[in-house]
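Structure first, commentary second.
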Amino acid sequence: MARAQGAPTGPTVEDVHFDPEIPVLGNRDGDVTVSEYFDYQCPYCKRGHDDLLDVVRADGNVRLVMKDWPIFGGPSVHAAGLVLAAGDRYAEGLNALMATPGRLSREDVDATLADAGFDPAALAAASQRDMARIDGILARNMDQANAFGFRGTPAFVIGTRIYNGALDRRTLVEAIDTARRG
C-alpha cells in the first residue's frame with residue numbers, strides 16, 4: 001500500500017492508519033493497525049462491532065482506527081458529524097450508535113446519543129464549529145475508499161492488506177496475525 005517512487009497517487013499507509021484528526025481506539029502504540037471503513041446504519045458493521053472490540057481488547061497490541069464513511073445518506077452524515085465532534089467521548093458515541101438496530105433517522109441518532117449521556121444540541125453546535133475538520137476527515141475517508149474500490153461497508157485495511165466485507169472473529173484474528181508476519 002505504500003507508494004513506490006513514480007507510482008500513481010493514492011493513499012499511503014500513513015494516510016490510512018495515521019490521520020492525526022481521527023481518534024485512535026485500542027492500543028495507541030500497537031504493532032498492528034486495523035482501520036475499518038464503516039457507516040452507522042450498516043447492519044454488517046453493527047453486527048461485527050462487538051467482535052471487533054473484543055478482538056482488539058483481547059489482543060492488547062492493536063491500534064483501531066474507525067474511518068467514518070457515511071454512505072447511507074443524511075442520517076449517517078449527521079451521526080458521523082456528531083460523534084466526531086464528541087472529542088474525548090468519541091468511543092462512547094460510536095459504541096452507542098453501533099448498538100442500535102437497523103436504519104436510523106436523525107431523530108434516532110439524537111435520541112440514542114441523548115440516552116448515552118450526550119447533549120445532541122451541544123454536539124451539533126460543536127460539529128458546526130468544527131465543520132472544516134470533520135468535513136476534511138469525511139472527504140479523506142471517501143477518497144481513500146474510492147481509491148481502494150470499496151463498494152460498501154464494512155471494509156478494512158489491516159496492516160497493508162485490504163479486506164472487503166464483514167469479518168468474523170476468526171478471520172479478524174488471522175488478518176491481524178498476517179499483518180504481524182508482514
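The values are calculated or read from the model by the stated rules, or taken from the named source; none is laboratory data. The structure displayed is predicted, hence computed values, not measured ones. Methodologically, a virtual Cβ is constructed for each residue, glycine included, from the backbone with ideal geometry; neighbour enumeration extends over all protein chains shown. Side chains included, ligands, DNA and RNA excluded: accessible areas come from the protein's heavy atoms. Shrake-Rupley method; radii C 1.70, N 1.55, O 1.52, S 1.80 Å.
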Legend entry - Neighbours by Cβ (under 6 Å, 6+ apart or cross-chain): first from segment 115-126, within 13 Å of L84 (Cα to Cα) and without any contact (Cβ under 8 Å) to a residue 40 or more places away in the chain; second assigned to a helix (DSSP H, G or I) and not acidic (D, E): P120/L113; P120/A114
Inset, instruction - Being part of a loop (DSSP other than H, G, I, E, B) and in contact with an Asp or Glu (Cβ under 8 Å, 6 or more places away or on another chain) is the filter; apply it to segment 137-159 and report the residue that is surrounded by the fewest Cβ atoms within 10 Å (Cβ to Cβ). - result: P154
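Per-residue answers, yes or no, for (1) free of Cβ contacts under 8 Å to residues at least 12 places away in the same chain; (2) over 19 Å from V34 (Cβ atoms); (3) crowded, with 17+ Cβ neighbours inside 10 Å:
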| residue | (1), (2), (3) |
| --- | --- |
| S76 | no, yes, yes |
| A99 | no, yes, no |
| D135 | yes, yes, no |
| R161 | no, no, no |
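Only one residue in Y37, Y44 is open to solvent by 50 Å² or more (accessible area, probe 1.4 Å) and hydroxyl-bearing (S, T, Y). Which one? Quick ask: steps written out before the conclusion?
Working: Y37 fails: open to solvent by 50 Å² or more (accessible area, probe 1.4 Å).
Step by step, each of Y37, Y44 is checked, and only Y44 is open to solvent by 50 Å² or more (accessible area, probe 1.4 Å) and hydroxyl-bearing (S, T, Y).
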Inset, instruction - Could you list all residues from segment 52-76 that are within 13 Å of the chain's Cα centre (by Cα) and assigned to a helix (DSSP H, G or I)? - result: L52, L53, S76
Inset, instruction - With respect to L104, determine if the residue is part of a helix (DSSP H, G or I) and either modelled with pLDDT of 95 or more or touching a helix residue (DSSP H, G or I) at 6+ places or on another chain (Cβ under 7 Å) (or both). - result: no
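For segment 20-51: of the residues being in contact with a strand residue (DSSP E or B) (Cβ under 7 Å, 6 or more places away or on another chain) and not in a strand (DSSP E or B), which is nearest to A96 (Cα to Cα)?
Only one residue fits best here, namely C45.
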Legend entry - Identity of the residue in segment 18-32, within 12 Å of the chain's Cα centre (by Cα) and of a type in the set (V, I, T), that ends up most open to solvent (accessible area, probe 1.4 Å): V24
Inset, instruction - Taking A121 as the residue in question, decide whether it is over 28 Å from P11 (Cβ atoms), part of a helix (DSSP H, G or I) and open to solvent by 50 Å² or more (accessible area, probe 1.4 Å). - result: yes
Legend entry - Answer from A116, A111, A85 - the residue that is of a type in the set (G, A, S), surrounded by 15 or more Cβ atoms within 10 Å (Cβ to Cβ) and farther than 24 Å from D143 by Cα: A116
Inset, instruction - Would you mind finding the one in R57, R3 that is at pLDDT below 95 and surrounded by fewer than 19 Cβ atoms within 10 Å (Cβ to Cβ)? - result: R3
